[in-house]
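Okay, structure first, notes after.
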Amino acid sequence: MNDDPTNTTSTADIPGTNANPKSNIMATLDKITPITPKDTIHVHGKHLYRTTDTTSTPFTIRGIAFPTPPEIYNPSTHGYNATTWLAILRQLRLPPKKKEVSPIQDSNSGNSSHPDIITETEAQNEGGLGLNFNTIRLYRMYPDQIDYSEFLEGAAALGIYVIVPLTSAFGHGVLDRTSPAPKCYHPHLFHYGARALKKYLKYPNVLAGMVGNEVMNDEKAWKAAPCVRAYARDLKLYMARMVEE
């Protein structure tokens, strides 16, 4: 949760994107650079910039949704398993393993002699998919009960930013869309959000927090809109105080 934009790469800049379509899966990724406390994302006007000790470059979010992976539900962990979550991230982010193809085999098959042309299925079986994203959005987290440090630190090592939820489906983190303002903003909600921020903000790859997920999603819930705005305002003020301290 910082402010400024990273170097972005269009497909026109990626070697091999104009070659054989089969090679697209092997398109060169942005270099995977771990995110450290020296890396900050800043808002300037309508744009984001990534700032390090020496540079400040435009940053574009290339994001994917990361819903809780399906597994046997455990009430004590709410489905969280750092090893499983990180394994999925690595599979999505890391490049496929190159398949060595000799020129003789290649000429018999009629394919290009590039040894890195493999099918998507082979990439899935032999390595990662090499998707060129830099941000994930998590839908459900339980900061009062679970320590997410292993996952957040692992994502940072892969160069991945995380957008975290600042509400929950039950308990003190609920923003009640069934009640009009001000009843929808229970006093417990702010304290929940403040505790969550205090835990998340120590990770340099936590990029932002969601405060209004699926709150106003029917014709009656619009009455809760002032609560979403007030909650976001209060959390911003809280973050500003944290920075001053």
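Brief remarks on what is shown
- Between the beta carbons of GLU153 and LYS46, assuming R0 = 35 Å, the FRET efficiency works out to 0.65 to the nearest 0.05.
- Carbon/sulfur fraction of accessible area - the range 128-245, other protein chains in place, 1.4 Å, %: 55
- Relative contact order of the range 118-245, pairs being alpha-carbon contacts under 8 Å that are 6 or more residues apart, as %: 25
- 3J(HN,Hα) along the range 165-179, derived from phi through the Karplus expression 6.51 cos²θ - 1.76 cosθ + 1.60 where θ = phi - 60°, amounts to x, 10, 10, 9, 7, 7, x, 6, x, 7, 9, 6, 6, 7, 10 Hz, with x in place of Gly and Pro.
- Å² per residue, accessible surface of the range 136-225 at 1.4 Å: 50
- Listed residue pairs exceeding 31 Å between alpha carbons, taken from LYS46/LYS202; LYS46/LYS97; LYS97/LYS202; LYS97/LYS199; LYS202/LYS223; LYS38/LYS183: LYS46/LYS97; LYS97/LYS202; LYS97/LYS199; LYS202/LYS223; LYS38/LYS183
- Gain upon complete extension [THR33, ARG241; 0.36 nm per residue less C-alpha separation]: 71.8 nm
The values are calculated or read from the model by the stated rules, or taken from the named source; none is laboratory data. If you're wondering where the values come from, they're calculated on a predicted model, not measured in any experiment. Methodologically, a virtual Cβ is constructed for each residue, glycine included, from the backbone with ideal geometry; neighbour enumeration extends over all protein chains shown. The area values use the complete protein model at the heavy-atom level, side chains included, leaving out ligands, DNA and RNA. Shrake-Rupley method; radii C 1.70, N 1.55, O 1.52, S 1.80 Å.
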